[in-house]
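Following: one structure in structure tokens, then a few remarks.
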Amino acid sequence: MKISLNWLRDYVAWTGSVEELVALLTRTGLEVAEVATRGADFPKVVIAQILESSRHPNADRLSVCRVDDGSGQPRQIVCGARNYKVGDKVPLALPGAVLPGDFKIRTGKLRGVESEGMMCSAKELGLAEDAEGLLILPPDAPVGQPISTLYPADTVIELEVTPNRGDWLSHLGVAREVAAFTGATVRRPEGTPPATKPAGDFVSLKEPGLCAFYSVRRIHNVKVGPSPQWLRERLEKVGLRPINNIVDVTNYVMLELGQPLHAFDAARVQGGIVVRTAQAEEKFHALDGREYTLSADHLVIADHGRPVALAGVMGGEDSGVTESTADVLLESAVFDPASVRRTARALDLHSDSSHRFERGVDPQGILAASARATALIVELAGGEADPEVLTAGQLPASPAPITLSHARCRALLGLEVEEAAIRGALTGLGLTLLNEGGGTTTWQVPSHRGDLQREVDLIEEVCRVVGMEKISGRLAAAPAEPAEPDARYDFQMSLRNKLAALGLSEARTSTLVSQAMLWQDRPALRVRNPLGEDQAFLRTSLLPGLLAAVQRNIHQGAKSVGLFEVGRIFQAGEPEESAALGVALWGRAEKKDWRGGAERDLDWHDARGVVEALAGPHRLVRISAADPLGLAAEILVDGEPIGRIGQLAPAAARALDANAPVVVIELSIEALRKREASPSYREIPKFPAVTRDVAIVCPLPLSYEEIEAVLRGAGEELLVDVEPFDVFTDPGGEKLPADRKSIAISLTFRTAGRTLSGEEVNAACERLKERLKRDLSVDFR
Amino acid sequence: MEDRIASLQTEAVTAIAAAADTRALADARVKYLGKQGEITRLSEGMRDVPKEDRPRLGKRLNELRQAVTAALEQKEAALAAEADARALAALDITLPGTVRDLGSLHPLTRLLDKAVRIFRRMGFVLADGPDIETEWHCFDALNTPPDHPARNEQDTFYLPDGRLLRTHTSTVQIRVMESQTPPVRIIAPGAAYRRDEVDATHLAQFTQMEGLYVAENVSVADLKGTLEYFFRQLFGPGTETRFRPHFFPFTEPSFEIDIRAEALGGRWMELAGCGMVDPAVFEAICSRRGDRAFDPDKVTGFAFGFGLDRLAMNLTRVPDIRMLVENDLRFLKQF
């Protein structure tokens, strides 16, 4: 909401600077979004009238005008604009004037013709962002007067009003707050409360729950026309477009007092006013020119035929005030906030009126606003008002009194607030002390503060007025007992740190994914109202997102991609949410450096190395690979599955423009965490180990795992470690038959308590070779 | 013979001293001390020396052998020292180091972990809750009216069964109070979702950190002390904190916190929302639990929440929030 500082000062006797006001409003909880300077405060820019205009002798695009600047001596001005006619009044910058942008006006020749000043556009005066041609002033503008008489200098402050404070949505409301925080006096606009009379049959309230009180006042024989400049200027400054004097008054009073009003053309209201819910499929032409199809959820103001307004939201197109209107019906009412909100939202039709009714209006302000608007209409549009306002229904009850325990106030704030400070704060905000005793005070809440309902609401008010800066921060609480979430967090951070140490970078991909990013292995949950199909599902795996990131990096020219993510995955079924770790690898295994050396691509075994680093000893069991994986294995630790490892099918890798293997891992973090054990000391061997290498030649399909199983299962007590150190195949069949491979394995022997002799190691090694030959029919090189 | 010993010593010591490298030194060793070497041959000549001269000449010969051996050792050590010095001098210390690149942690993770460590120092523990939540946990229990705009389908993602993706991590406050008894003192980092069109400053999914402290006699002073400490630790000494009155349905009084710190460019920046837990929230918890463990007449508490994405952007000068989820390695490796 925008407020004008000049306008605000009509209601509060406070004379601080703009900066002080901004600081003050911020303190009260009114967030200042923007401060803008408006108006045209240029002493040497005057209102002038164009007397004559003729073509410039030397330039087609220019004209030469004679203008009256009020001095009695017409001036000659050269002008490039074309949007004026002789007799128009315009702003004239006299020599010596300084316009925005430090633009100094002086007498000079333009294409050989003397110009004694400059006629100005709205843009040149800083009154508009963008404006073509001269600013044409109202016909009644006083020639010779400074332009600031029409456009007084002002500051417009844009405020962000929280939804609980509907009472701030007016200049008077902000003025009250300024007064409460500074001790200044509030000046309410003059107005005598009108006499009221029951409306009888003329107004019928069918839904008292949605419209508890309705008032209407008839004003006869008005003359509808443009509003005077001061009114137009005020409305325009805070962002409203002037329409005509009647509509402008209703808007002005709304911005002044906070009560939305509506004026009907009395001739267009047939029979009387019925406040009812709409019929299904009932049509309504609103003032915005659009037709709305209503339902029984929407409250309307109807005459005896059709709806003439959407209650509290917008008036109807064919019942509004126009130039031909003679009699006006001025509505001032209260509508249920929830009902107005539902209607505005359902129809996507939000107005200044709905904005205020949604937040609640001051029940005591309804008739005051009606009286204020009536007085202004009669003043500006003539006519005469009925002596009485017709009313229907009951004015909403005033808020109930609230009792405040001062001890509770002090305890909750953590501040020994003085008795007088509590009373002063609440009194300043317009509350009335009803009772006191026993360390408590009981307060009557003013009708515009419907948000104050409980003791804690009063404590908040005391806190606001006293100020947070009075409260000293306190840090004295016992530590809480850590639980599972702490252990989970720590474990996840340790995984992240290990993976970063392994050279991988942490990614964060979106939880919401497209259907194409779901792999078919888990049932997915869909969002009912996604922003688009590309974000319609909750991811069932981290891998599709990581693969998209791999592709992005390939396209950016990366030579090597190692990404991981720790995040939540989802499925339809139990567990619905779980923490997962995803890894994706592609590209060069090492970055090139000056040592040279062989380059190779990351592959399956590098991914397995990551599993080894995180999970320790494990087994892989091949599982059927679903698209896009071409190869997949389950990862088992002590027989328990902890996740899977896979390699993209070559076609799927090509689809990512990956020219080397793309390998992925997905681990269940909780499965991994269950296996986490605190390390404990194992004795460091005192006697040296002895190693022997064996080079096995075997058929290609024989897996290393089978060989290792035979070695470890042979019952050789001295054998403590088995490590492959070379794998060789020769598809050309020159050094080795093409259907065989050579695996060189290093065997480590050791025993506690003594150094092994060469003979016993050799004997053990021979026994192992015999065993391999017997069980697996391998040869040795 | 005696003359021969003297001249041989002079000759050998000179030759050894002149040896330019280890090979020349080895040749010298063979020439004088080898099996066919000159000193060896001279020793063999002792057989022809008269008996009475033998002890004297034997002693001289021995001295010769010792002198040559010593010269050899000395020269050998000198050559080795020279070779060592040359080897080190030849190293081009200006070539770049070779090491496998370290990976990197996501900037959000780094900020989150820093925040977690500060709160832990103050005695907070972690808590968490699901991303998929019930409307009760996300809105009802947090005193949000049934027609509040945030519940709108335009603003919140719903699942077909009526549950939703939490719009804030404040749901964890409710989860914690459902299952624990006071005192509770938790922080809860996690994902939250809003139906915002994605642009340079908005993501539909973002990261928040929630905090809650409920016990007897918790006051605004505790709230202020805790958050002032936190932001001072996060942004450094000299950080200014401003509590601005605000409105949230689930706290009363409520504040927004503005921070001014060098690390954030030295201008006021709105960073967090906070307040004292609204009694209505405690009442909702009490009726859910069926007990009075969180009776608002007995306990009070404060809660706070802030978004990490925008904060990470401001701290690291990232111009576009989408960079946080694009996972471009040229970006990720900067952290």
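The per residue volume of the convex hull around the alpha-carbon atoms of the protein assembly as shown is 336 Å³.
Could you sort A:733-744, B:128-139 so that the peptide with the highest average Cβ count within 10 Å comes first and the rest follow in order? Walk me through the numbers on the way to the answer.
Numbers: A:733-744: 14.2, B:128-139: 20.4.
Final packing ranking: B:128-139, A:733-744.
For chymotrypsin sites (Phe, Trp or Tyr not before Pro), the sites in the range A:497-601 that DSSP calls loop and that have at most 13 other Cβ atoms within 10 Å are A:Trp594. Fully extending the segment from A:Thr182 to A:Arg619, taken as 0.36 nm per residue of separation minus the present Cα-Cα distance, adds 149.8 nm. Applying the criteria of a DSSP loop state and at most 15 other Cβ atoms within 10 Å to the trypsin sites (Lys or Arg not before Pro) of the range B:1-69 yields B:Lys35.
The GluC sites (Glu not before Pro) of the range A:278-342 that DSSP puts in a loop, and whose beta carbon has at most 12 other beta carbons within 10 Å, are A:Glu281, A:Glu323. Using only side-chain charges placed at the Cβ, +1 for Lys and Arg and -1 for Asp and Glu, the dipole size of chain A relative to its Cα centre rounds to 1040 debye.
When the charge dipole of the protein assembly as shown is built from unit charges on Cβ atoms (+1 for Lys and Arg, -1 for Asp and Glu) and taken about the Cα centre, the candidate among A:Leu62, B:Ala67, A:Ser514 whose Cα reaches farthest toward its positive end is B:Ala67.
Here's the picture: a label point sits 7 Å out from the Cα of A:Thr432 along the beta-carbon direction, and within the range A:444-473 the residues with their amide nitrogen under 13 Å of it are A:444-448. On the beta carbon distance between A:Ala421 and A:Asp288, with R0 = 41 Å, the FRET formula returns roughly 0.25.
State the answer as a single residue: which of A:Val90, A:Gln571, A:Ala501 lies farthest towards the positive end of the charge dipole of the protein assembly as shown, with beta carbon charges of +1 for Lys and Arg and -1 for Asp and Glu, about the Cα centre. The one lying farthest along the dipole's positive direction is A:Ala501.
How high is the relative contact order of the range A:691-761, in percent, counting Cα pairs under 8 Å that sit 6 or more residues apart? Across the range A:691-761, relative contact order equals 42 percent. With R₀ fixed at 51 Å, the C-beta to C-beta distance from B:Glu73 to A:Lys735 puts the FRET efficiency at about 0.55. Counts of other chain beta carbons within 10 angstrom of each beta carbon in peptide A:466-476 average 6. Once the Cα-Cα distance is subtracted from the 0.36 nm per residue extended length, the B:Arg86 to B:Glu135 segment shows a gain of 9.9 nm.
Given a Förster radius of 56 Å and the C-beta distance between B:Glu11 and A:Val697 as r, what FRET efficiency does 1/(1 + (r/R0)^6) yield to the nearest 0.05? Once the sixth-power term is evaluated, E becomes 0.35. With each label modelled as a point 7 angstrom along the Cα→C-beta vector, the B:Thr22-A:Ala346 pair spans 9.8 nm. Here's the list of aspartates and glutamates a cross-link from A:Lys591 could span, going by alpha-carbon distance under 12 Å and ignoring same-chain residues fewer than 8 apart: A:Glu599, A:Asp601, B:Asp101. The mean count of C-beta atoms from other chains within 10 Å of the C-beta of residues in A:495-508, rounded to a whole number, is 6. In summary, no lysines lie within cross-link reach of A:Lys206, defined as a Cα separation below 18 angstrom excluding same-chain residues under 8 places away. Across B:Pro96, B:Pro253, B:Pro50, mean-square fluctuation computed from a Gaussian network of chain B (C-alpha pairs under 10 Å connected) peaks at B:Pro50. Taking 18 Å as the cut-off, the amide N atoms of the range A:328-365 that come nearer than this to a point 7 Å along the Cα-to-beta-carbon line of A:Leu159 belong to A:352-363, A:365. Extending 7 Å from the Cα toward the beta-carbon at both A:Glu384 and A:Ile684 defines two label points whose distance is 11.3 nm.
About its Cα centre, what dipole magnitude does the range B:213-335 give when the only charges are +1 on Lys and Arg Cβ and -1 on Asp and Glu Cβ, stated in debye to the nearest 20?
420 debye
Can you give the Kirkwood hydrodynamic radius of the range A:460-500 from its Cα pairs, in Å with one decimal? Across the range A:460-500, the inverse of the average 1/r is 14.3 Å. For the set A:Lys498/B:Lys114; B:Lys114/B:Lys298; A:Lys741/A:Lys773; A:Lys89/A:Lys223, the pairs lying more than 22 angstrom apart at their alpha carbons are B:Lys114/B:Lys298; A:Lys89/A:Lys223.
If you average the C-alpha positions of the range B:1-29 and of the range A:9-48 separately, how far apart do those two centres end up, in angstrom? Using only Cα atoms, the two centres lie 105 Å from each other.
One-quarter of the Cα convex hull surface for the range A:715-781, in nm²?
Convex hull of Cα atoms, orientation-averaged projection: 5.3 nm².
The relative contact order of chain B comes to 15 percent, based on Cα pairs under 8 Å that sit 6 or more residues apart. Which value in Å is the Kirkwood Rh of the range A:50-164 over different Cα pairs? By the Kirkwood definition, the hydrodynamic radius is 15.5 Å. Axis angle, to the nearest 10 degrees, between helix B:107-121 and the longest C-alpha principal axis of chain B: 80 degrees.
Backbone N atoms of the range A:676-700 closer than 14 Å to the 7 Å Cα→Cβ label point of A:Ser757 are not found in any residue. For A:Gly582, the shell of other residues with beta-carbons less than 13 Å away shows a net charge of +2, using +1 for Lys and Arg and -1 for Asp and Glu.
Under the membrane-span-like helix rule (DSSP H runs whose alpha carbons stretch at least 20 Å along the helix axis, mean Kyte-Doolittle hydropathy 0.5 or higher), chain A yields A:366-381. The sum of -39500 (n - 2.57) across all DSSP H runs of n ≥ 4, divided by the residue count of chain A, sets its helix-only mean residue ellipticity at 222 nm to -7500 deg cm²/dmol.
Any read-out appearing in this document is the output of simple, stated calculations on the displayed coordinates, not a laboratory observation. Values in this document were obtained by computation on a predicted structure and should not be read as measured data. Note that each Cβ is placed from the backbone with ideal geometry, even for glycine, and that neighbours are counted across all protein chains shown.
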